[in-house]
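Below: one structure, written as structure tokens.
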Ligand code: FRU
């Protein structure tokens, strides 16, 4: 907000405050509520009293004035006072209709601490704060003396009283009697009550006028009733004779002064309403200023001569009052106008202030809008950038979309293919289900077959086990071996129950034969071959007494070919075999070793030295080798009984491990050399463990045979002729 605008706004607020201050400065004075319970407001005298009060109240704007009219009704006036006491009033003015009846209500107000100002009339109690009004008893006295003098101290006077029980009526009568009693020839009759009004007075007088035809004067307690008396007297032709006197002396056309001028009344006595004085005294009470408890207002008699002067004066006063009323009216109008303009100015200020506020807000909004506009422009730029980006993205998306559409087409094609495939699959499914059913049948058949086979297998296994027993009869037993060799080791592990490998021993005349053979195949065919080999060897060595290994092999070959009719059958089965003979050389004390091998070899280890005797490349048997194959004889003298002969088939070295790698011939020989110093029973464990460690759970590929023999010269010598 600019400083100038702020300054203007502050100035405006100040002006408004000042204005409000000026208009409300009076409110700083203490405010009062004055209530007035009037016994009646139906006659001119009382209306005059109220006008006077209101005129005086103009000087006391801080006063709120409450006016209650009891309409000449006792209950109504008591009720009016009770109600006023229930509210918040600061002072109560009362003109009581009757003295006695209104006394309790007046005392109640006084006892509540509310100042009570009695006007015109009194009550039968001292519990009131002040009285303002005429001295009614004095006025009564004045009237008595006046009439006595007017009648030359002799005559008959009729008294027309006000309301019975009202204090002015009582006091005026008392004063009148007090004065007339001083004139012995004056007679006063008091029989008529006019209730302060013309018509009741007329009605009461009408009733008794004939009785009082000789009266000389009438004293009425007020001018209104006096007028009524005049009218009755006139009606009865007594108007010129009877002198009538009243009280009040109101100005104006219908007032007592005019009645005197009209010769209707002989005289009237001034009875001031005391409206102004009552308000002044009330304000003194409220402002805690000194005031007289009884404030009697002055009175005097007015006859025809005085009335002329009074009329002039009172007319002037009335005119003045009219002028004043007019001025008051104008003043009120001016005041209203002033108030209107004041309000207008305030409204104008408010409007200007509002306009300024609106302008200020507008300016602020304008600045805000400008900021918004800047922001919007900024956003617009960003939006444009975004739009460009979006357009690019859209192009990309369109491109992608095209690609996707192409892909979708392709997918549709694939989908069709898939659907076709699915149909095929479903057909296949049907086929598979059918196949499954077939398989189920086959499974049942197979299970039946399996159980048959199982039975058959058991039978075969049983027969094979039996065959094994037969086959093992060809092997030398422990006892036989120990008769020839100091120590021996035999690792014999057939692939199946029966084996294609076999070993055979024969001894005679200090000579021992030992054969280790590996027949073609394994299992049953191998076993058959081994039996054939064994039979032929036995025939060759034992019966035909062929004693040199190479001759044994040559003959064995010939016999195998012949036995198996290989030349005709083209069966190529046979065996790889080593044959050794150990002979004790008597004179030398050493052992002569002869060796011939068909494919297989001999390893001799003594003192960590290894001697390998290689066999020939020729296998035993087979139609392909026509004629007589020759096998070389190799021999060596064993220097002592410490060396060990190792004979084996290829099963050991060919044993595969899990990675299908063979144990190996080289490794086998190294193992043999490394273990040569150990006893052969221990060597057997070493070799067996090495083989198991290598093969682990790999299925055997072939029959395995490894035999270690430690020959003994002495044991050979022990063998008899
Ligand atoms: C008015 C009036 C006067 C009289 C006065 C007495 O109501 O009747 O005429 O003087 O009351 O209280």
Legend entry - Any hit, region 100-114, residues being within 16 Å of the ligand (Cβ to nearest atom) and under 28 Å from residue 326 (Cα atoms): no
Inset, instruction - Mind listing just one residue for me: the one in region 69-96 that is part of a strand (DSSP E or B) and within 16 Å of the ligand (Cβ to nearest atom) and, of those, nearest to residue 165 (Cα to Cα)? - result: 95
Legend entry - The one condition in (1) in a loop (DSSP other than H, G, I, E, B); (2) more than 15 Å from the ligand (Cβ to nearest atom) that residue 195 fails to fulfil: (2)
Inset, instruction - For region 139-149, state whether one or more residues are away from the ligand (no atom under 16 Å from the Cβ), outside any helix (DSSP H, G or I) and in contact with a strand residue (DSSP E or B) (Cβ under 6 Å, 6 or more places away or on another chain). - result: no
Inset, instruction - Check region 323-331 and report whether any residue there is under 30 Å from residue 251 (Cα atoms) and in contact (Cβ under 8 Å) with a residue 24 or more places away in the chain. - result: yes
Inset, instruction - Output yes when any residue across region 582-599 is within 19 Å of residue 504 (Cβ to Cβ), surrounded by fewer than 19 Cβ atoms within 10 Å (Cβ to Cβ), assigned by TED's automatic domain parsing to the domain that holds residue 705 and free of Cβ contacts under 8 Å to residues at least 40 places away in the same chain, and no when none is. - result: no
Legend entry - Identity of the residue in region 298-321, touching a strand residue (DSSP E or B) at 6+ places or on another chain (Cβ under 9 Å) and crowded, with 17+ Cβ neighbours inside 10 Å, that ends up modelled with the lowest pLDDT: 310
Inset, instruction - May I ask you to say which residue of 205, 151 is surrounded by fewer than 19 Cβ atoms within 10 Å (Cβ to Cβ) and farther than 17 Å from residue 256 by Cα? - result: 151
Inset, instruction - Tell me which residues, restricted to region 577-589, are assigned to a strand (DSSP E or B) and more than 25 Å from residue 553 (Cα to Cα). - result: none
Inset, instruction - Working carefully through the options 324, 352, find the one that is in contact with a helix residue (DSSP H, G or I) (Cβ under 7 Å, 6 or more places away or on another chain), outside the structural domain of residue 258 (by TED's automatic domain parsing) and surrounded by 12 or more Cβ atoms within 10 Å (Cβ to Cβ). - result: 352
Inset, instruction - Inspect region 170-188 for any residue being free of Cβ contacts under 8 Å to residues at least 40 places away in the same chain, under 26 Å from residue 257 (Cβ atoms), part of a loop (DSSP other than H, G, I, E, B) and out of contact with any helix residue (DSSP H, G or I) (no Cβ under 8 Å at 6 or more places or on another chain) and give the result as yes or no. - result: no
Inset, instruction - Give the number of residues within region 150-160 that are within 16 Å of the ligand (Cβ to nearest atom) and either touching a helix residue (DSSP H, G or I) at 6+ places or on another chain (Cβ under 6 Å) or without any contact (Cβ under 8 Å) to a residue 24 or more places away in the chain (or both). - result: 1
Inset, instruction - Looking only at region 211-224, decide whether some residue is out of contact with any helix residue (DSSP H, G or I) (no Cβ under 6 Å at 6 or more places or on another chain) and buried (at least 21 other Cβ atoms within 10 Å of the Cβ). - result: yes
Inset, instruction - Read through the list (1) farther than 20 Å from residue 552 by Cα; (2) surrounded by 18 or more Cβ atoms within 10 Å (Cβ to Cβ); (3) in contact with a helix residue (DSSP H, G or I) (Cβ under 8 Å, 6 or more places away or on another chain), then give the number of the only condition that residue 610 fails. - result: (2)
Inset, instruction - For residue 66, indicate whether it is in contact with a helix residue (DSSP H, G or I) (Cβ under 6 Å, 6 or more places away or on another chain) and either over 22 Å from residue 134 (Cα atoms) or modelled with pLDDT of 95 or more (or both). - result: no
Legend entry - Set 234, 288, 284: member being free of Cβ contacts under 8 Å to residues at least 60 places away in the same chain, more than 23 Å from residue 198 (Cβ to Cβ) and in a helix (DSSP H, G or I): 284
Legend entry - Answer from 190, 243 - the residue that is assigned by TED's automatic domain parsing to the domain that holds residue 170, away from the ligand (no atom under 16 Å from the Cβ) and modelled with pLDDT under 95: 190
Inset, instruction - Within region 115-131, work out how many residues are part of a strand (DSSP E or B) and either assigned by TED's automatic domain parsing to the domain that holds residue 247 or more than 16 Å from the ligand (Cβ to nearest atom) (or both). - result: 2
Inset, instruction - Go through (1) in a helix (DSSP H, G or I); (2) within 16 Å of the ligand (Cβ to nearest atom) one by one and return the number of the condition residue 163 breaks. - result: (1)
Inset, instruction - Identify all residues within region 29-39 that are buried (at least 19 other Cβ atoms within 10 Å of the Cβ) and not in a strand (DSSP E or B); write none if there are none. - result: 39
Inset, instruction - State whether one or more residues within region 521-529 are outside any helix (DSSP H, G or I) and either assigned by TED's automatic domain parsing to the domain that holds residue 676 or touching a helix residue (DSSP H, G or I) at 6+ places or on another chain (Cβ under 8 Å) (or both). - result: yes
Inset, instruction - Scan region 28-53 residue by residue and report those that are away from the ligand (no atom under 16 Å from the Cβ) and without any contact (Cβ under 8 Å) to a residue 12 or more places away in the chain. - result: 28
Inset, instruction - Kindly establish whether residue 226 is within 16 Å of the ligand (Cβ to nearest atom), at pLDDT 95 or above and touching a strand residue (DSSP E or B) at 6+ places or on another chain (Cβ under 8 Å). - result: yes
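The values are calculated or read from the model by the stated rules, or taken from the named source; none is laboratory data. All values reported here derive from a predicted model rather than from experimental measurement. When we count neighbours, we look across all protein chains shown, and the Cβ atoms used for this are built from the backbone with ideal geometry, even at glycine.
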